[in-house]
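Have a look at the structure below before the remarks.
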């Protein structure tokens, strides 16, 4: 199983504060990898460096293209990184709440639109062909993830669990190879969390994804993860399988020994 995403000692400093210190990640294709740690450990900062929101103070982020070539994506714009096949969700839901489920997903699909503004404005044949293909793709995607029946509903009218699912589906619409999920189970009840666990497994397999997630719900993390990294005060303190992490004394002290949502 080859590496698809790698960080080489990435560090992020804000003034005199080091949020992440020389983080080394090696994420293998088709795995579900979790990044855990107490609040303020630097998890979202790490996501932001990988997806171009922040440029690391030092270190590099490497991404392996389908051709097998590993390229440096450090400091590239988030939109360019997304076009390469790295999509993400956010801890706070960022749907277009007044748009329909269908419109939210269609907007994401336009990331790879080849036709220019004039082609769209004039409804030229190649634009119409491309638009119809995207509409079909969105229909098939919503049918697969059981959101087709609510396609005309406003995003804000959906139950919380479905809004979370829609945000993941919107990221899927960009055609990613790597999907980063920032606390996908935040605010969910146990039933919704259980359904989300199966949903993540399902999309990993159906869309041949590599999934990298931040999550506080330890039941979900331990059940679904192939590999886990643990951060504390911006530094990696452990990595391993769920069983190894559960039995690691440093992890128990730093994280697992506290309240789940503390």
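Relative to the current alpha-carbon distance between residue 26 and residue 110, full extension at 0.36 nm per residue lengthens the span by 27.2 nm. Taking every C-alpha pair closer than 8 Å and separated by at least 6 residues, the mean separation divided by the residue count of the chain gives a relative contact order of 26 percent.
For residue 198 and residue 92, the difference between the fully extended length at 0.36 nm per residue and the C-alpha to C-alpha distance is 36.0 nm. Cβ crowding within 10 Å, taken as a proxy for footprinting-reagent exposure, orders 251, 105 from fewest neighbours to most as 251, 105. The order of 233, 47, 199, going from fewest to most other C-beta atoms within 10 Å of their C-beta, is 233, 199, 47.
As a rough footprinting exposure proxy, the listed residues 14, 90, 212 were ranked by other beta carbons within 10 Å of their own, and the order from fewest upward is 14, 90, 212.
Label positions at residue 233 and residue 57, each projected 7 Å from the Cα along the C-beta direction, are separated by 1.5 nm. Working from label points 7 Å from Cα in the Cα-to-Cβ sense, the residue 103 to residue 39 distance is 3.5 nm.
If the chain linking residue 246 and residue 1 were pulled fully straight, counting 0.36 nm for each residue of separation and taking away their Cα-Cα distance, it would gain 85.8 nm. According to the square roots a ≥ b ≥ c of the eigenvalues of the Cα gyration tensor, what is the shape class of the stretch 1-109, taking rounded for a/c under 1.5, prolate for a/b larger than b/c otherwise, and oblate for the remainder? Judged from the Cα gyration tensor, the stretch 1-109 comes out oblate (a/c at least 1.5, b/c at or above a/b).
The distance between label points at residue 136 and residue 189 comes to 4.1 nm (points 7 Å beyond Cα on the Cα→Cβ vector).
In this calculation the C-beta distance from residue 71 to residue 146 is compared with R0 = 45 Å, giving a FRET efficiency of 0.80.
Each reported figure results from applying straightforward, stated rules to the coordinates on display, with no laboratory input. Nothing here was measured: the structure is a model prediction, and the numbers come from that model. Using ideal geometry, Cβ is built from the backbone for each residue, glycine included, and neighbour counts are taken over all protein chains shown.
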